[in-house]
Amino acid sequence: MPPGGSNRLLTPEEVAEWLKVSEITVRNKYRAWGLKPQKVGRLLRFRERDIVAYLDENYG
């Protein structure tokens, strides 16, 4: 994986599993966390690199 993560799109469920929180928490908190979703139709997706950047800024 390149530094900073990839452009791979993750579902809210995948993000929740990665962060060890519930999917509902991801859906309710992504704005407060500063994560910008990528809309695919009506579905939310998150770029892996954005999650990595969030973790580095807040917990790294």
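Pairs meeting the criteria (first residue in the stretch 21-32 and farther than 14 Å from L55 by Cα and among the basic types (K, R), second residue at pLDDT below 95 and assigned to a loop (DSSP other than H, G, I, E, B), beta carbons under 7 Å, at least 6 apart or on different chains) are lacking. Of the helices (runs of 4 or more DSSP H) lying entirely inside the chain, those containing at least 3 residues that are of a type in the set (A, V, I, L, M) are 12-19, 48-59. Number of residues in the stretch 39-50 that are within 11 Å of R8 (Cα to Cα) and open to solvent by less than 60 Å² (accessible area, probe 1.4 Å): the value is 5. Taking the numbered list (1) open to solvent by 90 Å² or more (accessible area, probe 1.4 Å); (2) without any contact (Cβ under 8 Å) to a residue 24 or more places away in the chain in turn, W18 passes all entries but (2). Being free of Cβ contacts under 8 Å to residues at least 24 places away in the same chain and either open to solvent by less than 90 Å² (accessible area, probe 1.4 Å) or on the phi > 0 side of the Ramachandran plot (or both) is the requirement here; does Y59 meet it? Spelling it out, it is not the case that Y59 is free of Cβ contacts under 8 Å to residues at least 24 places away in the same chain and either open to solvent by less than 90 Å² (accessible area, probe 1.4 Å) or on the phi > 0 side of the Ramachandran plot (or both).
The values are calculated or read from the model by the stated rules, or taken from the named source; none is laboratory data. In this text the structure is predicted, and so the values were computed from the model without any measurement. A quick note on method: Cβ atoms are made from the backbone with ideal geometry, for glycine too, and the neighbour counts reach across all protein chains shown. Calculation scope for accessible area: heavy atoms of the full protein, side chains included, ligands and nucleic acids excluded. Shrake-Rupley method; radii C 1.70, N 1.55, O 1.52, S 1.80 Å.
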